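We did not get these values from a lab; they are worked out from the coordinates using the rules stated. Please read these numbers as outputs of a predicted model, since none were measured by experiment. Don't worry about glycine lacking a Cβ; one is built from the backbone with ideal geometry, like all the others, and counts go over all protein chains shown.
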Amino acid sequence: MRQLLTSLLRFLLRHALQFALFIVILLAGRMLLAEWRAYSAGSEAVAALKTTSSMADGHGAGLAAAATARVNALQKASQAAIATRLEEVQTQLTALRARQQPSLFSLPLPDTTTLALHAQEEATRRVEIEVLAQEARYLTALQAALKGEDARQTLARLHAEHVRAYAALQNNVRQRRQLEAQHPLAAHLPGSDAYAQLSQLEAQGQRLRDINLQAYQAWVAQHARTGDASRPAPFAIDSTALAGALAPVQQAIAAGENQLARNWIARWRAPVLDVAPTAALLVLSAILLPAAIKAFFYFVLAPVAARLPPLSIARELQVAGSSLPLPPQGESRISAVSQALQLQPGQRMLIHPEYLQSSPVSSCKRTQWLLDWRFPFTSLAASMVALTRLESGEPASVTISASDDPLLEVAVVHLPAGGALVFQPRGLVGLVCEAGQPLAISSHWRLGSLHAWLTLQLRFIVFRGPVTLIVRGCRGVRLERAGLGRSISQSATLGFSTDVLYSTMRSETFIPYLRGQQALLNDRFDGGNGVYLYEETPRHGKQPGKVGSWFEGLTDAILKVFGI
């Protein structure tokens, strides 16, 4: 019952966590989509407004040039011609000021193209009004000068126009306030009559403000000319006032940019775009650089190493390297699931405890912490620690088997007196030697050999006889004669006799090496009577897919440097 409740609680908890995770993901996605839509809409709106401002500037410059040429051509014209042009200008101004702009509050909301079109129409209207207003003021002054009108009378008339425009504006303000007071809610509710009246009053108020501003500017200009009713100077557009006509557009651009600045996509977009080329270059380098390095190793270093003289450990040991006993003709497999050894009096066996399947009860067993105290690092790295030491006063039959792994087989390699074998301790599970003599183990560095550097095996460990090595190998261990030259995979090599000439040769095909399906180099062994030892299916350093595989690969490389 308790187990059932525990399983039910785990089931509910797991699905509750999944439910919470889905909610978080959906909310995050919705927020991200909203931010992106706001950023896209804001960017398009700002771009459209900037385009509108640029087009309005160009349109204003063209209108200003045309107005300047047209007004200056009237300097010597008759009063009738000036009056006719002034009437045309005032008619155009009345039409432009009375033009009702389309409402942007509609369902569905207008898209960016519609907003840009409305903004462009409004900017064009404002620029045209400003240019025509300046032209009208100048024509009025020119007409007054030509008619000999007293400057003070003109000033009084312009002041009266300003007063009337200001009174009309104040009346509009009172009407709006009264409407808002009578209908506080309906006046701001789209679709209601009060809202329509308020919108109409606001549009009318905007036109009245423009008329009031133009009347005030005309009065100020005439006030400056009071006392001088002579012909005015040549007409020139006031660029500052013309630019001021586009102030609403510039304010809308600034507001849009401020809103974009608060959007986190816009804040991150520029830094990301700044580092994106560098990141792309790094990714490209990460893709191409390993291939370039592999190509350099394959086509340059490996052929150079293949032409160098091979390594010979026997020269340094000054031994002939007695050959190991080979299996019968046509056979090379020397391993089995289990092996039986005869331990003679005066001999001792050092073996991993998990490989000791059976032994006589009368034998003496003790623990030996290291294979050889002269090589503590090698013993630790090769896992030759906490070994079982067996000694017997009479012949004892000992059965050796890999009980912890069904794929491992065990081989027994008898190394006679005077014989020497280069061996990697990773494949050693035990040995039998004379009890009163220390193990004959030596290490040899080959720092000046390109073969050693390319294979990262800079140190070779040599076992000298008489000694019996107990070796393990996945799916079996084979012992073959080097003869006129043999090549095998480096990961399979367990050892070779010292009279063998050891070198490396490049793998036959480049594409499998580039894809990591085979190593750059294979081990090559030459020598008439020399032999080499290897396992059939190497698992050493081949564990892809694990989280720690990179660390294991680094560890294997370090151990290989030390010949382990």
Helix 193-224: inclination vs the chain longest Cα principal axis, degrees, rounded to 10, gives 70 degrees
Once both label points are put 7 Å beyond Cα along the C-beta direction, the VAL283-HIS414 separation in nm becomes 6.4 nm
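Provide ASP193, ASP523, ASP57 in ascending order of the number of other Cβ atoms located within 10 Å of each residue's Cβ, fewest first.
Least crowded to most crowded, the residues run ASP193, ASP57, ASP523.
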Row for segment 431-549, column shape: gyration tensor on C-alpha, a ≥ b ≥ c, rounded if a/c < 1.5 i.e. under 1.5, prolate if a/b over b/c, else oblate; value prolate
Nearest-0.05 FRET efficiency for SER54 and SER383 at R0 = 60 Å, using Cβ-Cβ distance, is 0.20
Taking 0.36 nm per residue of separation between ILE265 and ALA98 and subtracting their Cα-Cα distance, the length gained on full extension comes to 55.9 nm
In the list (i) 39, 32, 21; (ii) 104, 32, 17; (iii) 41, 25, 24, the entry giving semi-axes √(5λ) of the Cα gyration tensor in Å computed from the coordinates is (ii)
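Among CYS433, CYS364, what is the fewest-to-most ranking by other Cβ atoms within 10 Å?
Working: CYS433 20, CYS364 11.
With the sparsest Cβ surroundings first, the list reads CYS364, CYS433.
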Measuring from the longest principal axis of the C-alpha atoms of the chain, the long axis of helix 112-147 (C-alpha) lies at a number of degrees, nearest 10, equal to 30 degrees
Ignoring trypsin sites (Lys or Arg not before Pro) buried by more than 15 other Cβ within 10 Å or outside DSSP loops, the longest site-free run in the chain is 100-261
Here, LYS76 and GLN18, labelled 7 Å along Cα→Cβ, have an inter-label distance in nm of 9.5 nm
Evaluated at 20 °C and 1.002 mPa s, the Stokes-Einstein D of segment 266-309 based on the Kirkwood radius over Cα pairs, in µm²/s, stands at 164 µm²/s
So, over other residues within a Cβ distance under 14 Å of LYS50, counting Lys, Arg +1 and Asp, Glu -1, the net charge is -3
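What number comes out for the charge environment of ALA402, summing +1 per Lys or Arg and -1 per Asp or Glu over other residues with Cβ under 15 Å away?
Values: positive: ARG426, ARG472, ARG475, ARG539; negative: GLU354, ASP404, ASP405, GLU409, GLU535, GLU536.
Within the 15 Å Cβ shell, the charges total -2.
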Fewest-first ordering of TYR216, TYR513 by Cβ atoms within 10 Å yields TYR216, TYR513
Per the 1/(1 + (r/R0)^6) rule, R0 = 56 Å and r from the Cβ atoms of SER338 and ILE511, FRET efficiency to 0.05 is 0.85
Here the net charge surrounding VAL300, from other residues whose Cβ is less than 14 Å away from its Cβ (Lys, Arg +1; Asp, Glu -1), is +3
